[in-house]
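Student: Encoded as structure tokens, here's the structure I'll be asking about.
Please treat every number below as a calculation from the coordinates, not as lab data. Note that the coordinates shown come from a computational prediction; the quantities given were computed from them, not determined experimentally. Positions of Cβ are generated from backbone atoms using ideal geometry, with glycine treated the same way; all protein chains shown enter the neighbour counts.
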Amino acid sequence: MIKIVTIVGARPQFIKAAAVSRQFSKHKEIQEVIVHTGQHFDKNMSDVFFEEMQIPHPNYNLNIHGLSHGAMTGQMLEGIEKILLKEKPYFVLVYGDTNSTIAGALAAKKLHIKVIHVEAGLRSFNMDMPEEINRILTDRISDILFCPTDAAVQNLKNEGMDKMNVRIIKNGDVMQDAALFYAQEAEKKSTIIKKLGLNEFVLCTIHRAENTDNIDNLKSIIEGLNRINQEVNVVVPLHPRTKNILDKEEIAIQFTVIEPVGYFDMIMLLKHCKLVITDSGGLQKEAFFFRKNCVTLRNETEWVELVENGYNTLAGNNADKIYQTYQIMMERNNDFSKNLYGNGKACEVIVSTLLKM
Ligand code: UDP
């Protein structure tokens, strides 16, 4: 029996865990214990994903949220350590780049438990991003590094990780597994397109700290989106952090704002939109999975293959640049048949690797 403690806490981690846990559940030799740190806790930022995607109910919920980075990470470290001492797993599995990721990896490593990092090796080379700090530190103390792309493998090699006593494996992107698996169910269960009466629209999300915490940047992004909305309906499922700041600053919005949606609704919005505009990591790839061009509201991206192949263009946060990039990307015809992310086999590679260890 291989016992794995999985640490999740934020929305994108629930989606990744849904795909991987589903694969784990097919193997009797694997026992998974799920720890939810509580980083995201609202019904529409957490519960909806567990319900819709039938992720096993977390065995533990630490309920840690609404704190500064240091306090949040520190409390998670303490809480996770207690659980690991009790559960004594062989592996701890962490996803992505949040405070839950680094807290889980660090708690495990100090107890000499092997750390698995899924979505390893990604780099923005922007050390002002909390996510970049979390990624680099997590990769450095992980034992098995599952990389979604060739670029991610190369980043780890550039940092000398291939000279360490660790395994670096390119497995593809578990989010593509999730997108492929849940697309049919979304088609049956989501009513969002009809409910909102959507026809032609652009799908947009904004939540990165570099965009929300700098008011000038945020105002400029909103100005760009307002301008685009004069030509085509812009629909934004708004992250609670962004909503709080927009409300507080009384920034005028002309486009359509909705509450954050569940994954099935998100899939349908992706399927039906004309273009994606986002600062999300996950959504840049999902645009590609659902054959949509993407404008990224950042100056760099970890998903460089999307930019290199013309599916994604970086627009930063300048209103004029956002508008111009939108115009270019609305018109660009792309061939989406390339296999950049493993075509739905990423979770299988994880399981077969772990079973062989
Ligand atoms: N997502 C969702 N509902 C929303 C907004 C996003 O289900 O209202 C999904 C999205 O499809 C993707 C994931 O959440 O799978 C991305 O999470 P987020 O943008 O919060 O984080 P990031 O990927 O930037 O780390």
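Student: Based on other C-beta atoms within 10 Å, arrange D320, D128 from fewest to most. Could you put the intermediate results ahead of the total?
Tutor: On the way: D320 12, D128 9.
Sorted ascending by nearby Cβ count, the order is D128, D320.
Student: Would you pull out the residues with amide H under 5 Å of N171's amide H, same chain only if 5 or more places away, H placed 1.01 Å from N?
Tutor: C147
Student: Something else about it: Please determine, in degrees from 0 to 90 and to the nearest 10, the orientation of helix 11-24 with respect to the longest principal axis defined by the Cα atoms of the chain, where the helix direction is its Cα long axis.
Tutor: 50 degrees
Student: To make sure I understand the rule: partners must be aspartates and glutamates, Cα under 15 Å from the Cα of K345, and not fewer than 8 residues away in the same chain. Which ones qualify?
Tutor: E119, D173, D177
Student: Could you tell me the relative contact order of the chain? Use alpha-carbon pairs under 8 Å, at least six residues apart, and round to a whole percent.
Tutor: 15 percent
Student: Which aspartates and glutamates, if any, have their Cα less than 12 Å from the Cα of K194, not counting same-chain residues under 8 positions apart?
Tutor: Those aspartates and glutamates meeting the cut-off are D265.
Student: Between N165 and D47, what length comes free when the chain is fully extended (0.36 nm per residue of separation minus the Cα-Cα distance, one decimal in nm)? Show your work: numbers first, answer last.
Tutor: Numbers: separation 118, 0.36 × 118 = 42.48 nm, distance 3.81 nm.
Taking 0.36 nm per residue and subtracting the Cα distance, the gain is 38.7 nm.
Student: Further question on the same structure: Would you tally the net charge around I55, using a Cβ to Cβ cut-off of less than 14 Å, leaving I55 out, and scoring K and R as +1, D and E as -1? Present the calculation step by step, with values, prior to reporting the outcome.
Tutor: Values: positive: R11, K16, R22; negative: E32, D47, E51, E52, D177, E185.
In short, -3.
Student: Identify the GluC sites (Glu not before Pro) of segment 233-290 meeting these criteria: DSSP loop state and at most 13 other C-beta atoms within 10 Å of the C-beta.
Tutor: Answer by residue number: E250.
Student: Enter the angle in degrees (range 0 to 90, nearest 10) between the Cα long axis of helix 99-110 and the first principal axis of the Cα atoms of the chain, meaning the one along which they spread out most.
Tutor: Result, in degrees: 10.
Student: Give the span of the chain's Cα atoms along each principal axis, as three whole-Å numbers ordered largest to smallest.
Tutor: 57, 43, 42
Student: Out of residues 5 or more away from L275 or on other chains, whose amide H comes under 5 Å of its own, with H placed 1.01 Å from N in the peptide plane?
Tutor: For L275, whose amide H was placed from the backbone, the distant partners under 5 Å are L203.
Student: Related question: How far apart, in nanometres, would the label points at K157 and L314 be if each is projected 7 angstrom from Cα along the Cα-to-Cβ direction?
Tutor: 2.2 nm
Student: Just to be sure I understand the model, the point goes 7 Å from the Cα along the line to the Cβ. What's the resulting Q327 to D128 distance in nm?
Tutor: Going from the Q327 label point to the D128 one covers 2.8 nm.
Student: What is the dipole size for segment 133-259, taken about its Cα centre, with +1 at each Lys and Arg Cβ and -1 at each Asp and Glu Cβ, in debye to the nearest 20?
Tutor: 260 debye
Student: Here is a follow-up. Go ahead and set up a Gaussian network model of the chain, Cα springs under 10 Å, then flag whichever of N214, N171, N309 fluctuates most.
Tutor: It is N214.
Student: By how many degrees, 0 to 90 and rounded to 10, does the Cα axis of helix 346-355 deviate from the longest principal axis of the chain?
Tutor: 10 degrees
Student: Hey, how many Å between the Cα centroid of segment 63-96 and the Cα centroid of segment 175-227?
Tutor: Segment 63-96 and segment 175-227 have Cα centres spaced 30 Å from each other.
Student: If I build a Gaussian network model for the chain, linking alpha-carbon pairs within less than 10 angstrom, which residue out of G66, G104, G96 has the largest mean-square fluctuation?
Tutor: Largest GNM mean-square fluctuation: G66.
Student: Need the list of aspartates and glutamates near K86 for cross-linking: C-alpha distance under 17 angstrom, and skip anything on the same chain fewer than eight residues off.
Tutor: E32, E78
Student: Using only the C-alpha atoms of segment 236-357, find the volume of their convex hull and express it per residue in Å³.
Tutor: Per residue, the Cα convex hull of segment 236-357 comes to 147 Å³.
Student: Now a separate question. For segment 3-40 and segment 307-357, what is the separation of their C-alpha centers, rounded to whole Å?
Tutor: 24 Å
Student: Once amide H atoms are built 1.01 Å from N in the peptide plane, which residues 5 or more positions from V234, or in another chain, come under 5 Å H to H?
Tutor: Here the answer is V202, T256, since their amide H atoms fall under 5 Å of that of V234.
Student: Of the candidates H207, H69, H117, which one comes out as most mobile in a Gaussian network treatment of the chain with C-alpha springs shorter than 10 Å?
Tutor: Looking only at H207, H69, H117, the biggest GNM fluctuation is shown by H69.
Student: Now a separate question. For H117, what is the net charge nearby, where nearby means another residue's Cβ is under 9 Å from its Cβ and Lys, Arg count +1, Asp, Glu -1?
Tutor: -2
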